[in-house]
Amino acid sequence: MMTAIRKALLFTLLLMSLCAGAARVAMAAESGVSSTLAVSGYVRETLPGLSTSAAYLELANRAAAGRQLVLVEVSAMGIDNARASLHITEVRDGISRMRPLAQLAIAAGQTVQMSPGGLHVMLEGVQLRAGDMLSLRLRFASGETREVRLPVRSLQGQKSHHHHSHG
């Protein structure tokens, strides 16, 4: 009889441990925090009369395996025609040009830092003012999806990088 009670107690403790672990994973997913991927960043406000901007993310991959970011989507409600795409700015023959990226590799244990004049998320069809928040959905080749909310920052004090050519 004691053996049956011990087995039942061990089973109950194991079940409680599994439930607690699942709850931690669910809470981390809801908050946008993952133990293996940290995402932060900001969005640049749009210039008056324009509907383009850029988001600059920091993606820290703490996993033992690499990740491939394959798609970024604007997931904010009320912004129906907005588009987001990965871009990199390159300088060739003294001319700065943006080109789209099909995907972004984030090596295991590495951090990718997006910045003005380099790697960024191009946003089209948006009107953003400093103080706003913008929600983006990041989709990875593994099927993982991450929702992030980023603050919109003022253009004041930032270098302007709007002399680009798409090519």
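Residues of region 74-84 being assigned to a strand (DSSP E or B) and either in contact with an Asp or Glu (Cβ under 7 Å, 6 or more places away or on another chain) or among the acidic types (Asp, Glu) (or both), which ones?
83, 84
Given 60, 65, which one is of a type in the set (Gly, Ala, Ser), part of a strand (DSSP E or B) and closer than 22 Å to residue 36 by Cβ?
60 is the lone residue from the list that is of a type in the set (Gly, Ala, Ser), part of a strand (DSSP E or B) and closer than 22 Å to residue 36 by Cβ.
Looking at region 42-101 only, could you name the residues that are surrounded by 14 or more Cβ atoms within 10 Å (Cβ to Cβ), among the basic types (Lys, Arg) and under 15 Å from residue 117 (Cβ atoms)?
44, 97
Which of the residues that make up region 56-79 are out of contact with any Gly (no Cβ under 6 Å at 6 or more places or on another chain) and closer than 30 Å to residue 156 by Cβ?
Answer for region 56-79, where residues must be out of contact with any Gly (no Cβ under 6 Å at 6 or more places or on another chain) and closer than 30 Å to residue 156 by Cβ: 59, 60, 69, 72, 73, 74, 75, 76, 77, 78, 79.
Does residue 29 satisfy being within 17 Å of the chain's Cα centre (by Cα), aliphatic (A, V, I, L, M) and at pLDDT 95 or above?
no
The values are calculated or read from the model by the stated rules, or taken from the named source; none is laboratory data. For clarity, every value in this text was computed on a predicted model and none was experimentally measured. Backbone-built Cβ (ideal geometry, glycine too); neighbour counts: all protein chains shown.
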